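Structure, as structure tokens:
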Amino acid sequence: MSKIPYTRNSPQNRPQPTQVPADPNQPIEGDLVTEHPLLEDPDALAARLADTEDFLRRKKGILLGLLTVLVVAVVGAFGYYTWRSSQDEKAQAAMFQAVDYWEADSLKKAMKGDGQYDGLEAIASEYSGTKAGNLANFYAGVGALKQGQYQAAIDYLEDFSSDDLLVQARAYALLGDANLELNKYKEAADLYNKAANYNANEYFSPGYLLKEATARELAKDYEGAIKAYDKILNDYQNAQEVNEAKQFKARAEGLAGK
């Protein structure tokens, strides 16, 4: 006779049925463990439900308040998003016309508007927080710099930021120009240095370093100027600013007593 392997399905390993007594009031024999005792005890379940109902009744005001806050937050976020989108569309329309005037060399209309469309100044102020408003800060900063309004240029450019590394570096350099015009030589030099090292490259960094050196000389920081000239000579040997850097470095060394 073949032997049947002993497995969990073998008759020897199958659970034996629990013997249920004829009398329903008699306890069931065996180690029967109820997984969810509340489901087996209607009175306990009713008591638990009563406790929950009482809790909800007592905390009704708090729960309604939390629900109200949640609804208001969702509605408010949606409303803000819709308003922000409409603001950005308006700003972009105005910005398009302002840039058109800018490219036509009509600086006054670009800055102030034409009576129908806002100019760069109004766009930067009224639509702050939008992409068009941010870009308006850059254009308005350049425009103010051209008009000799150096503090206004600083205010606009400080409110501008860009993910484009070259454009952001340019903004730092323009801030340096505005500070230089206000005779803030150290501040200007630091901004030129920031521009030169912000995504440093052979096309723009040498020019920013040359401006930094000039500003440091004006601040009588000749050692700082020599350091800027050296950076051009050592890091950007093919730049067109190299000859000027050599010439001006000799002058700075003379002023430094070297």
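The values are calculated or read from the model by the stated rules, or taken from the named source; none is laboratory data. The model shown is predicted, which means the values in this text are computed figures rather than measured ones. Every residue, glycine among them, receives a Cβ derived from its backbone with ideal geometry; neighbour counts consider all protein chains shown. Please note that ligands, DNA and RNA were not included when accessible areas were found on the heavy atoms of the full protein model with its side chains. Shrake-Rupley method; radii C 1.70, N 1.55, O 1.52, S 1.80 Å.
Residue pairs whose Cβ atoms lie under 8 Å apart, separated by 6 or more positions or on different chains, with the first residue in segment 139-163 and touching a residue at least 12 places away in the same chain (Cβ under 8 Å) and the second surrounded by 20 or more Cβ atoms within 10 Å (Cβ to Cβ) and not in a helix (DSSP H, G or I), are Gly141/Phe160. Residues of segment 160-182 that are assigned to a loop (DSSP other than H, G, I, E, B) and surrounded by fewer than 18 Cβ atoms within 10 Å (Cβ to Cβ): Ser161, Ser162, Asp163, Asp164, Leu182.
Sort through Ala225, Ala188 and tell me the only one that's assigned to a helix (DSSP H, G or I), at pLDDT 95 or above and under 34 Å from the mean Cα position of the chain (by Cα). Write out each step before concluding.
Numbers: Ala225 fails: under 34 Å from the mean Cα position of the chain (by Cα).
Selected residue: Ala188, the only one of Ala225, Ala188 that is assigned to a helix (DSSP H, G or I), at pLDDT 95 or above and under 34 Å from the mean Cα position of the chain (by Cα).
This table checks each residue for (1) modelled with pLDDT under 95; (2) under 20 Å from Lys109 (Cα atoms); (3) touching a Phe, Trp or Tyr at 6+ places or on another chain (Cβ under 9 Å).
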position	(1), (2), (3)
Gly129	yes, no, no
Phe138	no, yes, yes
Gly141	no, yes, yes
Ala144	no, yes, yes
Gln147	no, yes, no
Gln151	no, no, no
Tyr156	no, yes, yes
Phe160	no, no, yes
Leu165	yes, no, yes
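Evaluating Glu212 against the criteria (1) part of a helix (DSSP H, G or I); (2) open to solvent by 50 Å² or more (accessible area, probe 1.4 Å) leaves one unmet condition, (2). In this structure, does Tyr185 turn out to be open to solvent by 50 Å² or more (accessible area, probe 1.4 Å), closer than 23 Å to Gln147 by Cα and in contact with a helix residue (DSSP H, G or I) (Cβ under 7 Å, 6 or more places away or on another chain)? Against the criterion (open to solvent by 50 Å² or more (accessible area, probe 1.4 Å), closer than 23 Å to Gln147 by Cα and in contact with a helix residue (DSSP H, G or I) (Cβ under 7 Å, 6 or more places away or on another chain)), Tyr185 qualifies. Looking only at residues of segment 196-209 that are open to solvent by 60 Å² or more (accessible area, probe 1.4 Å) and in a loop (DSSP other than H, G, I, E, B), we find that the one that is nearest to Ala171 (Cα to Cα) is Tyr198. For segment 224-231, does any single residue satisfy the condition of being more than 15 Å from Ala169 (Cβ to Cβ) and out of contact with any helix residue (DSSP H, G or I) (no Cβ under 6 Å at 6 or more places or on another chain)? Yes, the conditions are met somewhere in segment 224-231. Here the condition is being in a helix (DSSP H, G or I) and free of Cβ contacts under 8 Å to residues at least 12 places away in the same chain; of Asn243, Asn193, it holds for Asn243 alone.
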